[in-house]
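These notes concern the structure reproduced below.
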Amino acid sequence: MSMMTVSVFNAKVIRITDGDTIVVLTDKKEQVKIRLDGIDCPEKAQAYGLKAKQATSDLCFNKNVRISKSGVDRYGRTLAFVYVDNVCVNKELIKRGLAWHFKKYNKDPELAKLEVKAKVAKVGLWAPGNAIAPWNWRKTKKPVVKK
């Protein structure tokens, strides 16, 4: 386990980009793009993609949230767990079957357990039984460059 410095700050959610990306406004009036750590929601064009975005919106849009920053991703977005009161948005999306645990980048055993529970209960995107993980789906959408 690598030791990460976790910084916590409060902010207001001003935009929902998609299920796992939001934009917040800090007390210093800075806009910060937040990528919900440990999860990957379906892309907008995928089944449940818009439902995931709507759920994220219902959970935190226009609300004051607590951001627990865990790092920065390769696109410069702040990786974080986002809390509305005592509800962790990241965990809630997995519970509702609207996100995968992004195991490649996050080893949180609780997220893994929540995903298994949702899968077994066939909640949300697990209901149809043919869910394609967004990281695999994205691969199929990349333009093929011929040499």
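FYI, it's all coordinate maths here, none of it is from the lab. Since the structure is predicted, the reported quantities are computational estimates derived from the model, not experimental observations. Please note: Cβ atoms are built from the backbone with ideal geometry, for glycine as well, and neighbour counts cover all protein chains shown.
Placing unit charges on the Cβ atoms only, positive for Lys and Arg and negative for Asp and Glu, gives the chain a dipole magnitude near 620 debye about its Cα centre. Placing unit charges on each Cβ (+1 for Lys and Arg, -1 for Asp and Glu) gives the range 33-73 a dipole about its Cα centre, and among CYS41, VAL72, LEU59 the Cα reaching farthest toward its positive end belongs to LEU59. With the highest mean first, a sort of the peptides 96-107, 28-39, 124-135 on other beta-carbon atoms found within 10 angstrom per residue produces 96-107, 28-39, 124-135. For LEU79, neighbours were defined as the other residues whose beta-carbon sits under 14 Å from its Cβ, and their charges (Lys and Arg +1, Asp and Glu -1) total +2.
Within a straight-line Cα-Cα reach of under 16 Å, LYS63 can be paired with the following lysines, leaving aside sequence neighbours fewer than 8 residues apart in one chain: LYS12, LYS29, LYS33, LYS53. The angle between the Cα long axis of helix 109-121 and the longest principal axis of the Cα atoms of the chain comes to about 50 degrees, rounded to the nearest 10.
Stick to the Cα atoms of the chain, pair each with every other, and give me the Kirkwood hydrodynamic radius in Å at one decimal.
On the way: mean 1/r = 0.0638 Å⁻¹.
Averaging 1/r across every pair of different Cα atoms and inverting gives 15.7 Å.
For helix 49-60, what angle does its Cα long axis make with the longest principal axis of the chain, in degrees from 0 to 90 and rounded to 10? Helix 49-60 and the main axis of the chain meet at about 20 degrees. Calculated mean residue ellipticity, 222 nm, the chain: -8000 deg cm²/dmol, from DSSP H runs (n ≥ 4) at -39500 (n - 2.57) each, averaged per residue and rounded to 500.
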